[in-house]
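A quick write-up on the structure given underneath.
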Amino acid sequence: MGIHRGHQARTGEWLAEKFIFLVSLSAILMVLLIFLFVAREALPIFFGQANTALVQKPILPETLDQHSPAELQAYLEITPDEYAKMTPAMLRDLLSVKVDAQNDIPEDFRNDPDAHINTTEWQYLLQPHRWNDYAKPEYIWQPVGQIKKFNIIPLIVGTLKVTLIGLLFAVPLAVGAAIYVSQLARPRFREILKPAIELLSGIPSVVVGFFALLVMATVLQSLFHYQVRLNAFVAGIALGFAVIPVIFSIAEDALTSVPRNYTQAALALGASRWQTAWQIVLPAALPGVFAAAVLGFGRAIGETMIVLMVCSASVMSWSIFDSARSITTTIAAEMAEAVSGGAHYRILFMLGALLFAATFVSNMIGDFVIHRFKQKLEGKR
Amino acid sequence: MNSVTSSQYLPESTEPPLTRHFRAEKFDFWSFFFFGLTGLATLFILGILATILLNIIINGWGGLSWHFVSTIPKKDFFDVHTTGVLPMIVGTTIRVIVMTLFVIPVGVITAIYLTEYAANTSLVTRIIRAAVNNLAGVPSIVFGLFGLGFFINFVGKNMDALFHNPTAVWGQPALIWASLTLAVMTMPVVIVATEESLKAIPPGLREASLALGATKLETILKIVLPQALPGIMTGGILAVSRAAGEVAPILFTGAAYYMASLPAHLTDPFMDLGYHVFVLSTQSPNIEQTRPILYATVLVLLMLTFALNLVAIIIRARVRKKLRALG
């Protein structure tokens with residue numbers, strides 16, 4: 001603020017300043033902690049320490065000493081914390097239970113080539129695999145059953161599908177409304193319209209999801225006559241409702257911050273109001289509008305409850321009238337049944353880390369573009 | 001912006017009159033098209049908003065009764081006649097209040113640092129701002145994972161180990177962990193709102209206080225903060241209204257499918273209105289029969305978020321009045 005202490009600092013003042021500084025670091029701390037603790041639970045997947053193969057080379061209790069802790073943790077599917085608390089006797093007990101379980105596997109499973117596969121390896125997470133009894137290589141997310149399939153590609157496709165539908169619906173509407181409210185509407189209307197549209201962001205996403213599930217799905221089906229009542233299309237439109245206020249506020253802000261003399265100059269030269277809005281103000285504010293869309297993307301990709309309520313089956317398909325399962329939905333729906341510390345649990349955390357990274361990048365881009373845009377406008381003034 | 005308009009410089013008698021020239025603009029198809037299109041977009045968005053709200057109010061009104069909001073339901077809460085939402089109202093309210101207790105001090109102190117102490121260009125300040133921006137964009141489900149991984153599995157489990165609890169007391173989903181997770185989530189909202197209100201206070205006030213011999217801390221506590229109180233309240237309102245309806249962050253950190261009694265301790269799991277809406281609309285054995293209670297529950301959730309907002313707005317108005325009386 002340009003005001004400095006003009007006298008000797010007292011101890012109390014000094015302490016208070018340090019305390020305030022330390023507390024203000026908590027935002028940084030939280031971002032780090034979020035990243036650390038979400039990634040921490042996913043680490044065994046990144047390092048290839050998880051093993052879901054049904055038939056494994058057994059570690060006999062007698063040979064406990066010959067194996068490293070990491071090997072044992074992966075084999076027994078336990079966390080390092082749990083491992084640290086265990087005595088060798090307990091470990092031997094666990095190993096013998098595991099050996100018994102291995103012996104109990106029926107013969108036909110033993111002959112199944114899939115039962116020898118560790119499905120948490122990257123190649124099975126990302127590439128199609130021809131599973132036993134399947135005609136061709138396929139992308140499959142199927143975390144339950146004897147052989148757990150964790151291919152994350154269907155989830156990524158599902159997320160992108162729903163998000164893109166949502167953005168295609170929301171961006172034109174929100175930007176159109178932003179142009180109208182900021183440039184064309186009378187000031188008296190503007191005072192009412194702006195808070196009214198922003199009221200939409202006050203509706204909890206679980207309520208939007210409920211509305212989409214009960215009302216919209218039926219209405220849209222009768223309009224477009226598709227087969228599956230709950231599909232990516234309905235979820236995308238509902239998602240659009242949730243991101244409209246986000247995109248609207250940022251785009252409206254960008255359009256309003258275009259200097260008044262641009263508009264005045266254009267009007268003085270004889271341009272009509274729409275020509276000014278379309279050819280002068282919108283191009284000048286384009287970086288801001290772009291940033292609004294990017295930040296809307298970040299919001300849409302992380303939206304959970306709407307997609308969770310509207311569609312859930314993980315089908316590998318690009319058709320918008322098929323069901324889709326997003327990353328957020330998968331985490332929300334499956335975390336409760338995933339065994340803490342198991343491979344499924346860790347992959348869900350890995351998906352969370354992936355999501356965090358995706359939104360982190362889109363937020364960075366959005367903020368950077370807005371920052372540059374504001375600087376440019378200020379420089380020109 | 002200066003207030004001098006261009007018309008002041010025009011000669012008195014211009015031919016033809018300027019105003020007439022503008023009014024006589026010919027019907028222009030593109031102008032009409034453009035106005036219509038953007039106007040329709042605005043209208044459409046307002047239409048969506050109105051449809052959602054009206055649909056919920058009309059269908060939910062009939063299901064509301066004193067019995068409905070004051071009853072602790074039995075395990076089978078899908079039954080229209082005996083169900084109630086008291087535990088959910090209590091759970092949501094408590095979690096929001098506990099969250100506020102954590103987020104307001106931390107958020108306000110951070111904002112004070114950013115506006116009153118920090119040099120705007122320093123690296124630390126820029127990193128703090130970047131962190132706040134990023135925190136605002138983290139998906140809510142990731143906050144849920146964070147709450148599970150950090151608060152429950154790390155803090156909670158270690159507290160249990162420290163106090164030698166034979167059973168899990170802290171290391172399980174609980175009201176306190178859900179509130180803390182939400183506090184982390186809403187921190188940027190409070191910081192940004194407080195910062196704005198602090199910036200709006202004229203520097204002259206601070207300078208006058210300092211010139212009279214007050215220390216910087218005294219200036220902040222006695223001059224700056226009272227002035228900024230309405231802005232801080234706004235931040236609180238925004239945080240509360242965002243948190244009250246959030247379900248994703250509490251899925252793994254505290255929300256329970258069913259509890260026979262109201263939560264008594266901070267370490268209890270709780271029933272939540274938003275989560276209950278989710279349960280009712282996705283797990284009901286017969287959606288047609290559940291529909292009235294579902295609508296009524298959604299209406300209660302909306303009313304609660306608006307009521308919490310209203311209380312905050314009233315407090316804010318009172319503070320403003322008091323400040324005006326003082327000034």
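Data table
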read-out: Failed item in (1) at pLDDT 90 or above; (2) touching a Lys or Arg at 6+ places or on another chain (Cβ under 6 Å); (3) surrounded by 21 or more Cβ atoms within 10 Å (Cβ to Cβ), with B:THR219 passing the rest; value: (3)
read-out: Residue check, B:GLY245 under 18 Å from B:ILE112 (Cβ atoms), of a type outside the set (D, E, K, R) and either assigned by TED's automatic domain parsing to the domain that holds B:LEU182 or free of Cβ contacts under 8 Å to residues at least 24 places away in the same chain (or both); value: no
read-out: Those residues of segment B:249-275 which are more than 17 Å from B:LEU302 (Cα to Cα) and hydrophobic (A, V, I, L, M, F, W, C), in sequence order; value: B:ILE250, B:LEU251, B:PHE252, B:ALA255, B:ALA256, B:MET259, B:ALA260, B:LEU262, B:ALA264, B:LEU266, B:PHE270
read-out: Criterion (modelled with pLDDT under 70 and in contact with a helix residue (DSSP H, G or I) (Cβ under 8 Å, 6 or more places away or on another chain)) met by exactly one of A:ARG5, A:ARG40; value: A:ARG5
read-out: Members of segment B:221-261 that are in a loop (DSSP other than H, G, I, E, B) and over 30 Å from B:ASN153 (Cα atoms); value: none
read-out: A:LEU54 in a helix (DSSP H, G or I) and at pLDDT below 90; value: no
read-out: Some residue of segment B:158-176 being at pLDDT 90 or above, among the β-branched types (Val, Ile, Thr), closer than 29 Å to B:GLY231 by Cα and buried (at least 24 other Cβ atoms within 10 Å of the Cβ); value: no
read-out: Enumeration of residues in segment A:330-368 that are in a helix (DSSP H, G or I) and in contact with an Asp or Glu (Cβ under 9 Å, 6 or more places away or on another chain); value: A:ALA343, A:HIS344, A:TYR345, A:ARG346, A:LEU348, A:PHE349, A:MET350, A:GLY352, A:ALA353
read-out: From the options A:VAL157, A:VAL181, residue that is under 27 Å from A:ILE320 (Cα atoms) and out of contact with any His (no Cβ under 7 Å at 6 or more places or on another chain); value: A:VAL157
read-out: Criterion violated by B:LEU135 - all others in (1) crowded, with 20+ Cβ neighbours inside 10 Å; (2) more than 28 Å from B:ILE201 (Cα to Cα); (3) without any contact (Cβ under 8 Å) to a residue 60 or more places away in the chain; (4) facing chain A (nearest Cβ under 8 Å) satisfied; value: (2)
read-out: Criterion (without any contact (Cβ under 8 Å) to a residue 60 or more places away in the chain, in contact with a Leu (Cβ under 6 Å, 6 or more places away or on another chain) and buried (at least 22 other Cβ atoms within 10 Å of the Cβ)) met by exactly one of A:ALA300, A:ALA332; value: A:ALA332
read-out: Residue in segment B:79-101 that is buried (at least 17 other Cβ atoms within 10 Å of the Cβ), in contact with a Leu (Cβ under 8 Å, 6 or more places away or on another chain), small (Gly, Ala, Ser) and not in a helix (DSSP H, G or I) present; value: no
read-out: Residue match in segment B:121-141 (condition: more than 23 Å from the chain's Cα centre (by Cα) and not in a helix (DSSP H, G or I)); value: yes
read-out: Hits in segment A:287-329 - residues which are within 11 Å of chain B (Cβ to nearest Cβ) and among the aliphatic types (A, V, I, L, M); value: A:VAL294, A:LEU295, A:ALA300, A:ILE301, A:MET305, A:ILE306, A:VAL307, A:LEU308, A:MET309, A:VAL310, A:ILE327
read-out: Odd one out for A:TRP278 among (1) more than 14 Å from chain B (Cβ to nearest Cβ); (2) buried (at least 18 other Cβ atoms within 10 Å of the Cβ); (3) not β-branched (Val, Ile, Thr); value: (1)
read-out: Those residues of segment B:262-315 which are in a helix (DSSP H, G or I), modelled with pLDDT of 85 or more and charged (D, E, K, R), in sequence order; value: B:ARG291
read-out: Qualifying helices (runs of 4 or more DSSP H) (wholly inside segment A:103-180; at least 1 residues being within 30 Å of A:ALA293 (Cα to Cα)); value: A:122-126, A:153-179
read-out: Hits in segment B:239-280 - residues which are facing chain A (nearest Cβ under 10 Å), farther than 26 Å from B:PHE150 by Cα and surrounded by fewer than 24 Cβ atoms within 10 Å (Cβ to Cβ); value: B:LEU280
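The values are calculated or read from the model by the stated rules, or taken from the named source; none is laboratory data. All of these numbers come straight from a predicted model, not from anything done at the bench. Please note: Cβ atoms are built from the backbone with ideal geometry, for glycine as well, and neighbour counts cover all protein chains shown.
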